[in-house]
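Participant: Input: one structure, supplied below.
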2 protein chains.
Amino acid sequence: MSGQADTLHRRAPLSRQRILSAAVALADAGGADALSMRKIAQGLGVVPMALYKHVANKDELLDGMIDLVVAEIDPPAVGADWKSAVRLRVLSARRMLLRHPWAAGVIEARLKARTAPTPAVLAYLDSMIGILRAGGFPVELVHHAMHVMGSRVLGFSQELFEDASGREPDPDALPPEEMAARYPHITELAMAVAHDRESVVGPGCDDQFEFEFALDLTLDGLERLRSAS
Amino acid sequence: MSGQADTLHRRAPLSRQRILSAAVALADAGGADALSMRKIAQGLGVVPMALYKHVANKDELLDGMIDLVVAEIDPPAVGADWKSAVRLRVLSARRMLLRHPWAAGVIEARLKARTAPTPAVLAYLDSMIGILRAGGFPVELVHHAMHVMGSRVLGFSQELFEDASGREPDPDALPPEEMAARYPHITELAMAVAHDRESVVGPGCDDQFEFEFALDLTLDGLERLRSAS
DNA sequence: CTTGTCGGGTGTACGGCGTACACCCATCCT
DNA sequence: AGGATGGGTGTACGCCGTACACCCGACAAG
C-alpha cells in the first residue's frame, strides 16, 4: 500500500527532462525574468536544491532549455532549391521564437558569453550550411552568407518599433505636436504606416510581412552573389 | 577650514551625470553583470541608497546609460549620398558598440521589454529615417528599410562564431574527428576559413570585414529597390 | 537477513541583489 | 531664530543562485 499511496501523493521522480520542460513552460508563461530555480522547483513540488542533482547550475539548465526549443525547428526541406529551403527553415525558426519569446534573448546572451553553442544549435547551423553548400555556394561565400544572415539565421528580427498602439498612454509622453517637432521623420513614418494599415487591418505594422520582406531581400542579394560564382 | 578639509576627504557632490558616467565605466570594465547599484555607489564612495536621490531605479539608470552612449554615435555626414551616409552612421554605431560591449544587449533588452525608447535612440532613428527620406526613398520603403536593417540599424551583428581560437581547450569538447563526423559542414567551413586567414593574419575571421560585407549587401539590395521607385 | 553503499531529495545558510522607509543634517529662505 | 527642504545614511525585506551537511530508501554483497 505504501507504494500505491506514494505514487498518489508523491510527485513522479524528478529527471533532467522533466526539469527542462517545467523550466521552458515557466519561461513561456512569464518571460525569462520569471525563471528562477526556486520557482521551477516549486512548480515540481520539490525543494530548490533537488534540481541540482540533475543540472549542474542555472547556466547548464539554460543550455538544456535552448537545446529543447532549437530542436523544435523543422528539419530542412528535401529536394527544394537552396533559397526556399533556407527560407522555410528560417521561418520555422521564427515560429519557434514566437512560441518561446524568451529564447532569442537567452540564445544571444549565451553566444555573447562565449560559452560553447549547444549541440542542437550546432546541428542547426551545420544543416543550414549544408543547404547552402548543396545549393552551389563556394565555402567562402557560405561563410559570408552565414554572417550576412547574422542573428537572422535563427529567425531573429528585433522589431524596433514594437507596435506602440494599445499601450496605455504614457503619462509623461511628449504631446504629439512636440513629438512631431522633435522627431519629424519618425512621425511621418508612423503616420504613413498607421494610415496604410488602417485600410487593411488593425494599426501597427505587419511584423510577419516585414520579416519576410527583409529575409527575401537578403536571400536575393545572396543569390546574386552566388550566380556571379 | 572645514570647507577645505571637506573638499579634500569628501567626494564631489553626487549628480545624475556623475552616476551615469560611473555606471558606464563600470559596465565597460566588467560587463553588464558587474553593474549593480551597490558597486556603483561604492565606486563613488557613497552608500547605495544615495543613488536613488538622482535616479528613480535601476531601469531608469540603464536608460540614462543608453542615452549617454547612443549620443556618442557620429552625427550624419552632410552632403553625402544616402548610401554612404547610412554606411558611415552604422559603422560609427558599431564602433560605439565595440567600445561599450554591454550596450547592445541592454538596448535590445530594453526594446524587447517594450519600455519607450530613450530620447537619444529616438533621435538616432529619426535622423536615420531622415537620411533615407532625403535620399529619395518613399515613406513605405523607408519603413521596410528600417525593418530590413533591423537590429543592424544600431550596428549590431552578433558574431555567431565568436572566434573560437585562443580559448583554452574545453575538457569535454568533442575530439576533432567526432566533430567532423557530426558537423561536417561546420568543420569544412571552419577549416576553409582558418586556412584562408592563415595566409593573411591570425586565425579566426575578420569580423569587421564580415560586418561591412553584410552591411553592403543590404544597402545594395535597398538601393535596387529604391531605384525601382 | 543483515549490512554497506549510494543516488536523490531536504534543510539550513551565505552572500549578493534592488529598493522601501525612516532618519538626520546642512543649507537656505523667511 | 526657525522651519522647510534636498541629499546622504542605516536598516531591513524579500528575492536570487547555490555550497554543504544531512538523511533516507533501495538495492548489492556477505
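The values are calculated or read from the model by the stated rules, or taken from the named source; none is laboratory data. Just so it is clear, the structure is predicted and the values come from calculations on it, not from any experiment. Here the Cβ is made from the backbone with ideal geometry for all residues, glycine too, and neighbour counts use every protein chain on show. Accessible surface areas use protein heavy atoms only, side chains included; no ligands, DNA or RNA. Shrake-Rupley method; radii C 1.70, N 1.55, O 1.52, S 1.80 Å.
Participant: Leaving out ligands, DNA and RNA, and with a 1.4 Å probe, what % of the accessible surface on segment A:10-55 is carbon or sulfur?
Facilitator: Percent of accessible area from carbon and sulfur atoms in segment A:10-55: 56.
Participant: Nearest 0.05, what FRET efficiency do A:Ala29 and B:Met49 give at R0 = 25 Å with Cβ-Cβ as r?
Facilitator: After rounding to 0.05, the efficiency reads 0.15.
Participant: In 5 Å bins starting at zero, report the fraction of Cα pairs in segment A:10-55 per bin as a rounded %.
Facilitator: Taking all Cα pairs of segment A:10-55, the binned fractions are 5, 25, 36, 23, 9, 1 percent.
Participant: Give the distance, in whole Å, between the Cα centre of segment A:208-229 and the Cα centre of segment A:44-81.
Facilitator: Going from one Cα centre to the other spans 31 Å.
Participant: Any idea of A:Ser21's accessible area? Nearest 10 Å², probe 1.4 Å.
Facilitator: The value for A:Ser21 is about 60 Å².
Participant: Something else: I'd like the interface area for chains B and A: accessible area of each alone minus the complex, both sides summed, 1.4 Å probe, protein heavy atoms only. What is it in Å² to the nearest 100?
Facilitator: Heavy-atom accessible area buried at this interface is about 5300 Å².
Participant: If you count only protein heavy atoms with a 1.4 Å probe, what accessible area per residue comes out for segment A:1-141, rounded to a whole Å²? Spell out each step's value before the answer.
Facilitator: Details: 7160 Å² over 141 residues.
Spelled out: the 1.4 Å probe surface of segment A:1-141, per residue, equals 51 Å².
Participant: How many nanometers, to one decimal and shortest first, lie between the label point of A:Ala113 and those of its other copies, if labels sit 7 Å from Cα toward Cβ?
Facilitator: 1.8
Participant: Still on this model: What are the label-to-label distances in nm, one decimal and shortest first, from A:Glu223 to the same spot in the other copies, with labels 7 Å along Cα to Cβ?
Facilitator: Reported distances to equivalent positions: 2.1 nm.
Participant: How far apart, in nm, are the 7 Å Cα→Cβ label points at B:Arg224 and B:Thr115?
Facilitator: 4.1 nm
Participant: How compact and how long is segment A:15-149, expressed as Rg and Dmax of its alpha-carbon atoms in Å?
Facilitator: For segment A:15-149, the Cα-based Rg and Dmax read 17.0, 54 Å.
Participant: Could you sort A:His144, A:His185 by accessible area so the largest value comes first, with the probe set to 1.4 Å? List each step's numbers first, then the result.
Facilitator: On the way: A:His144 35, A:His185 60 Å².
Reading off the accessible areas and sorting them downward yields A:His185, A:His144.
Participant: Now, a different point. May I ask you to list the lysines whose Cα is less than 24 Å away from that of B:Lys58, ignoring any residue fewer than eight positions away on the same chain?
Facilitator: List returned: A:Lys39, A:Lys58, A:Lys112, B:Lys39, B:Lys112.
Participant: Give the accessible area for A:Leu125 in Å² (nearest 10); use a 1.4 Å probe, count only protein heavy atoms, and leave out ligands, DNA and RNA.
Facilitator: Roughly 10 Å² of A:Leu125 is accessible to a 1.4 Å probe.
Participant: Give the nm distances, rounded to one decimal, from B:Arg99 to the matching residue in every other copy, measuring between label points 7 Å along Cα toward the beta carbon; shortest first.
Facilitator: Counterpart label points of B:Arg99 in the remaining copies fall at 4.3 nm.
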